[in-house]
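Asks: Sending over a structure as structure tokens; questions will come in a sec.
The values are calculated or read from the model by the stated rules, or taken from the named source; none is laboratory data. These numbers come from a predicted model, not from an experiment. In this analysis, Cβ positions are derived from the backbone assuming ideal geometry, glycine residues included, and neighbour counts consider all displayed protein chains. Accessible surface areas use protein heavy atoms only, side chains included; no ligands, DNA or RNA. Shrake-Rupley method; radii C 1.70, N 1.55, O 1.52, S 1.80 Å.
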Number of protein chains: 8
Amino acid sequence: MNPKVLIIMGSDSDLPVMEETAKILGEFEIPYEMAISSAHRTPVRTLEIIKAAESKGAEVIIAGAGMAAHLPGVIASHTLLPVIGVPLEASSLNGLDALLSIVQMPPGIPVATVAVGKAGAKNAAILAAQIIARKDPKLTGRLSDHRKRMSEEVEEKAGKLQKQ
Amino acid sequence: MNPKVLIIMGSDSDLPVMEETAKILGEFEIPYEMAISSAHRTPVRTLEIIKAAESKGAEVIIAGAGMAAHLPGVIASHTLLPVIGVPLEASSLNGLDALLSIVQMPPGIPVATVAVGKAGAKNAAILAAQIIARKDPKLTGRLSDHRKRMSEEVEEKAGKLQKQ
Amino acid sequence: MNPKVLIIMGSDSDLPVMEETAKILGEFEIPYEMAISSAHRTPVRTLEIIKAAESKGAEVIIAGAGMAAHLPGVIASHTLLPVIGVPLEASSLNGLDALLSIVQMPPGIPVATVAVGKAGAKNAAILAAQIIARKDPKLTGRLSDHRKRMSEEVEEKAGKLQKQ
Amino acid sequence: MNPKVLIIMGSDSDLPVMEETAKILGEFEIPYEMAISSAHRTPVRTLEIIKAAESKGAEVIIAGAGMAAHLPGVIASHTLLPVIGVPLEASSLNGLDALLSIVQMPPGIPVATVAVGKAGAKNAAILAAQIIARKDPKLTGRLSDHRKRMSEEVEEKAGKLQKQ
Amino acid sequence: MNPKVLIIMGSDSDLPVMEETAKILGEFEIPYEMAISSAHRTPVRTLEIIKAAESKGAEVIIAGAGMAAHLPGVIASHTLLPVIGVPLEASSLNGLDALLSIVQMPPGIPVATVAVGKAGAKNAAILAAQIIARKDPKLTGRLSDHRKRMSEEVEEKAGKLQKQ
Amino acid sequence: MNPKVLIIMGSDSDLPVMEETAKILGEFEIPYEMAISSAHRTPVRTLEIIKAAESKGAEVIIAGAGMAAHLPGVIASHTLLPVIGVPLEASSLNGLDALLSIVQMPPGIPVATVAVGKAGAKNAAILAAQIIARKDPKLTGRLSDHRKRMSEEVEEKAGKLQKQ
Amino acid sequence: MNPKVLIIMGSDSDLPVMEETAKILGEFEIPYEMAISSAHRTPVRTLEIIKAAESKGAEVIIAGAGMAAHLPGVIASHTLLPVIGVPLEASSLNGLDALLSIVQMPPGIPVATVAVGKAGAKNAAILAAQIIARKDPKLTGRLSDHRKRMSEEVEEKAGKLQKQ
Amino acid sequence: MNPKVLIIMGSDSDLPVMEETAKILGEFEIPYEMAISSAHRTPVRTLEIIKAAESKGAEVIIAGAGMAAHLPGVIASHTLLPVIGVPLEASSLNGLDALLSIVQMPPGIPVATVAVGKAGAKNAAILAAQIIARKDPKLTGRLSDHRKRMSEEVEEKAGKLQKQ
């Protein structure tokens, strides 16, 4: 089945965080593809991956990057698909550099930015599911179930607290 | 025609910025609705507006807020629709407070965050169009035209520069 | 005895810090209740807990939260009780995100914010005691004793220094 | 009638902001007293004002200060009353210096910190009313009315928007 | 005469700052060319301008950009020429967003970053002159003269001070 | 021999850093006294220690403090001696809170601020020696020797590098 | 009479702020000298001015600088006199760049740093007076008088408030 | 063979980072020299090293420094060669102090600043190679090869990902 989401990251060191995205897309049964390509070190390859994903029918692109994190913005300038950017901690500046490099896009080319690090990687998957659910109503049901499970998990943990 | 996008903001002082969103949605011929409601001062009313928008068939919610900007996150916790958050400058801290309050959502409830202020308000509209284009291919054409116009504007300005 | 203070936090991972609050309330013999509920993942449950605490006679609510820390503000928008917010470190941004998300509340809905992390968790308990002491003069005596003990501890440590 | 709240600030240049506090206390019919005294330039006088306010029956102290804003913390170390700190913009650093100087109190001596500037000055008054309402139930009614008025104001502004 | 330096910026609103670069290059008699092209809105055009500049014999590229300032990094990934990045103030975040987006380049693709705004625009020209001087010794003399003039200007202003 | 310098800190947890100050004062043969006393928890004791130090002939006071670091400023408001403030890392905010709380003193009451942490603790001792050297010329010689030793240490380390 | 304090700044644009230093030194009847010289543009001249000031008997050097504010540190590395650094706002970064560039001196070469801008310029003069007072007891009296006047000014302004 | 690049750093603790620079210059077969000398502790020695490097034919100077990182700027004020500054993490402030102290040079004396830490140390070498390549075309070939190798490494890592 053709991938609906392309997960792309600048370096294999980003993989442990971006796998959180893959895991949640898997739970939603959304087919995805993962790629490693750098906006700066392999710019041509990056564009080829984007174009291939588009032609295979991708609906959303999720790009994780650290430092001067240009990958999500560069991709967004070459596609009309929604691009979700995940800022990663890859320098001493705690991911603030990546956050500002991704979210402060100038008018015309948006990047849908989520939180720094693992929380953002997870939320990128959920946001992608919310977007794809616009045309695939099955996903709305799964999103609703996912939210119920989260709610039950909070209640379960809260229950343990009260028994202490 | 039913609104496809709800633009909501916490205060009427946010209107001059959020009108940039409305203007661009208008250019894309995407029907929208604007509302003022505060996450903190009118929490019940906020939820009613969200529910009404959902039942009228909204596909995306765009929420602008300043300071401890909870509006986008609070809305996201009550809907399964994609929520786009626009951080606004409403305090002495230059919008950094709003940016962090919107983008740093904990795992489970994403907000698609764009840049602080007018640049973000414009990009929120384009991002909404990209999302709605998933099921409405006409929009892909309009997004493509919009991008061409932007490109031509840059070239026109560049042309003036060379004539100086 | 009915709880006078509700300590609420968004996740069980916040418990090791928020137990500092509980410990000091215990020293002041102020009955309290602890709850885990998320502003975003279990919004309805959060309101139910607040309403239950109010009806049992709570005087103060202490809410700890990290990242885009909306819990204290969301609670404050649904109660007239004083709400104390404890910003927690839950991301790479050192708790600055939580601090700004809690303290920068827009006009109308205050949150009494204390320091990031354990220092704040402790001070939240003392602040709650100072508030409840307004109608329960016994607490003023205990607050005065607590301060004397702190002062003696400083002197004792200082004494050890001089003997070195 | 004896003041229930002491509003104190370090400099007469803080008056235009701190008058927002006074105005809202007035709306709540809470008697208050205003004083100017610096933690650094008039430390003895500051303590005398605190002691006098205590002996006249003050329930809450609200202290506004800018830069290395020590006034709220210094007062808190000399009283058992709840102290609310309002960080003010008084340097090029946008009030971030005052915010950190007020909120980051070490364990033992809390300061209930509110937002930087006018938003915080207003919220300090509401928080004081919430605290005093613990023993004066009339205030709970006024707080409830105030919140209703805020809600109506939002609705009124929203109504104007829809008529445009 | 073929341009030795390409000055490129993302928007015509950057022109008033980047003209400082042009002015100083003019003083050094270094032929230059100015272009407006956006990394995001006109990515293809940007690469064409870079390739054209290379083929005309450019030695250095100076790129000014604000917000999520990707232009210098994107150019650097497509050329082996030294690229100087000038962070510009184009949002509420005072140019800190642009600074981090330009300077925090990941290993492999450097951008020689200078100060935010006009100071940086001037220094970009001097740095370009220092680089070109490696093969054009005439420029070393002009750089030395420029530095002498700066020194004399300081002395002249200091002289006026003493006469007051 | 009476202490010429009082080293004071708010907590015994600050001792490992502030011992760097003591060590360098020892190298300069400047008699000193160490004390632990908190601006907030033991305000009266703090003033007594300051007055005692003054009456014993102290020339300089060095105060180390973390978080909302009021100790140096509070001391400075009660003495005419020069006060040196050492910001300490005592929270998640990396000492930035302490730095701003110490350095941003309002006009009238200066605190001579040095770097955050051990570098600052060392420099506080050297600065105290430079101040005391104004009336004790022997110290100028020792400062000069100290600087020579530093210079020799750098050269020695550099020498090892060249032999590699 | 020979100057006891050298006030030096990097640019004549710093003069309006640094004149605050001169004014207060004048009130203390401390002879001073003002100079303009840049650490970077006129490094040799800067050292000559320092050496001349030392030989004329200066006791303290006050250096004001903005941006990457190296002037105070460079001077401190060439003299054994106490050097006071005044961070100035000279870029879009609100003086935070200058503050960190001055205060974060590595171990060995302290700079006594005061607040950013006019508050710091005033406090630099008072700190210089406190240092010189170590050997000139007349100054202690003037410092005491100055503090009394400040205290009276606060009381006078407070008095006006009460009459309103 | 005479060194074309001088790598200089303020302390031997900077060596593990700055060796990354040396390693990459070695790969480019660019002869270099390493030196340890402090802008503040050994200012005279620093200038002597610069002058010696110039007379031996150095084309570029790379200076690494932490905290109030003056070394690159001080060197730049004494040479007409291009100076590359590498900000290092040497305090609790994550290298932000060093970054601002290096990049925010006032107009007239540029420092080509790269990223904080190891990423910057590596990029400093590549930038130096790009500068020297202006007169030594062999280096352009090696830069091109280096970029190809980087690209191949990315592809190889990406390949491993796909095989998982």
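Asks: Take the conditions in a loop (DSSP other than H, G, I, E, B), farther than 23 Å from H:LEU15 by Cα, open to solvent by 10 Å² or more (accessible area, probe 1.4 Å) and among the aliphatic types (A, V, I, L, M) and apply them to H:LEU161. Does it pass?
Replies: No: the conditions fail for H:LEU161.
Asks: Can you list residue pairs whose Cβ atoms sit under 7 Å apart, with the first residue in the stretch C:79-100 being among the β-branched types (Val, Ile, Thr) and the second being open to solvent by 10 Å² or more (accessible area, probe 1.4 Å)? Count only pairs 6 or more apart in sequence or on different chains.
Replies: Between residues of the stretch C:79-100 that are among the β-branched types (Val, Ile, Thr) and residues that are open to solvent by 10 Å² or more (accessible area, probe 1.4 Å), the close pairs are C:THR79/C:GLU54.
Asks: Of the conditions (1) polar (S, T, N, Q); (2) farther than 28 Å from C:ALA119 by Cα; (3) open to solvent by 10 Å² or more (accessible area, probe 1.4 Å), F:GLN130 satisfies every one except a single condition; which number is it?
Replies: Here F:GLN130 meets the rest and fails (3).
Asks: Would you pick out the residues in the stretch B:25-36 that are away from chain D (no Cβ under 14 Å) and either of a type in the set (Lys, Arg) or open to solvent by less than 20 Å² (accessible area, probe 1.4 Å) (or both)?
Replies: Residues satisfying the conditions are B:LEU25, B:PHE28, B:ILE30.
Asks: Which numbered condition in (1) touching a residue at least 60 places away in the same chain (Cβ under 8 Å); (2) within 11 Å of chain G (Cβ to nearest Cβ); (3) open to solvent by less than 50 Å² (accessible area, probe 1.4 Å) is the only one that H:SER13 fails?
Replies: (3)
Asks: Tell me which residues, restricted to the stretch A:70-97, are within 21 Å of H:GLY120 (Cβ to Cβ) and more than 8 Å from every other protein chain (Cβ to nearest Cβ).
Replies: Kept after step one, since they are within 21 Å of H:GLY120 (Cβ to Cβ), are these residues of the stretch A:70-97: A:70-71, A:87-97.
Hits for the stretch A:70-97 are A:LEU71, A:PRO87, A:LEU88.
Asks: Among the residues that make up the stretch H:145-157, is at least one of them modelled with pLDDT under 95 and β-branched (Val, Ile, Thr)?
Replies: So far as the stretch H:145-157 goes, yes, one or more of its residues are modelled with pLDDT under 95 and β-branched (Val, Ile, Thr).
Asks: Testing C:SER91 on (1) within 26 Å of B:HIS78 (Cα to Cα); (2) open to solvent by 10 Å² or more (accessible area, probe 1.4 Å); (3) assigned to a helix (DSSP H, G or I); (4) not charged (D, E, K, R), one condition comes back false. Which one is that?
Replies: C:SER91 satisfies every listed condition except (3).
Asks: Inspect the stretch A:37-57 for any residue being within 22 Å of H:GLY159 (Cβ to Cβ), under 14 Å from the mean Cα position of the chain (by Cα) and open to solvent by less than 10 Å² (accessible area, probe 1.4 Å) and give the result as yes or no.
Replies: no
Asks: Residues of the stretch A:58-82 being touching an Asp or Glu at 6+ places or on another chain (Cβ under 7 Å), under 23 Å from B:ALA129 (Cα atoms) and open to solvent by less than 10 Å² (accessible area, probe 1.4 Å), which ones?
Replies: Within the stretch A:58-82, A:GLY64, A:THR79 qualify.
Asks: Just checking, does the stretch B:94-101 include any residue being of a type in the set (Ser, Thr, Tyr) and open to solvent by 10 Å² or more (accessible area, probe 1.4 Å)? Break it down into steps so the answer makes sense when it comes.
Replies: Going residue by residue through the stretch B:94-101, those that are of a type in the set (Ser, Thr, Tyr) are B:101.
Filter once more, so that each one left must be open to solvent by 10 Å² or more (accessible area, probe 1.4 Å): none.
No, the stretch B:94-101 contains no residue that is of a type in the set (Ser, Thr, Tyr) and open to solvent by 10 Å² or more (accessible area, probe 1.4 Å).
Asks: How many of the residues in the stretch G:1-16 are closer than 13 Å to G:ALA65 by Cβ and within 10 Å of the chain's Cα centre (by Cα)?
Replies: Total meeting the criteria: 3.
Asks: I need the full set of residues from the stretch A:101-128 which are touching an Asp or Glu at 6+ places or on another chain (Cβ under 6 Å), in contact (Cβ under 8 Å) with a residue 60 or more places away in the chain and within 7 Å of chain B (Cβ to nearest Cβ), in order please. Explain how you work it out, then say what you get.
Replies: At the first step, the residues of the stretch A:101-128 found to be touching an Asp or Glu at 6+ places or on another chain (Cβ under 6 Å) are A:104, A:117-118, A:121-122.
Right, trim to in contact (Cβ under 8 Å) with a residue 60 or more places away in the chain and you get A:117-118, A:121-122.
Answer for the stretch A:101-128, where residues must be touching an Asp or Glu at 6+ places or on another chain (Cβ under 6 Å), in contact (Cβ under 8 Å) with a residue 60 or more places away in the chain and within 7 Å of chain B (Cβ to nearest Cβ): just A:LYS122.
Asks: So, of the residues in the stretch A:133-145 that are over 21 Å from B:ALA129 (Cβ atoms) and at the interface with chain B (Cβ under 8 Å from one of its Cβ atoms), which turns out to be surrounded by the most Cβ atoms within 10 Å (Cβ to Cβ)?
Replies: Looking at residues that are over 21 Å from B:ALA129 (Cβ atoms) and at the interface with chain B (Cβ under 8 Å from one of its Cβ atoms), I get A:LEU143.
Asks: Hey, another quick one. Only one of G:ILE8, G:ILE62 is modelled with pLDDT of 95 or more, over 18 Å from H:ILE102 (Cβ atoms) and more than 14 Å from chain F (Cβ to nearest Cβ); which?
Replies: Values: G:ILE62 fails: more than 14 Å from chain F (Cβ to nearest Cβ).
Residue meeting the stated conditions: G:ILE8.
Asks: Follow-up question, since we're still on this one. Applying the selection to the stretch F:102-127, what residues are surrounded by fewer than 24 Cβ atoms within 10 Å (Cβ to Cβ) and either under 15 Å from D:SER91 (Cβ atoms) or among the aromatic types (Phe, Trp, Tyr) (or both)?
Replies: F:PRO107, F:GLY108
Asks: With respect to H:GLU29, is the statement that it is farther than 19 Å from H:ALA119 by Cβ, part of a loop (DSSP other than H, G, I, E, B) and acidic (Asp, Glu) true?
Replies: Working: farther than 19 Å from H:ALA119 by Cβ: yes; part of a loop (DSSP other than H, G, I, E, B): yes; acidic (Asp, Glu): yes.
So H:GLU29 passes the test.
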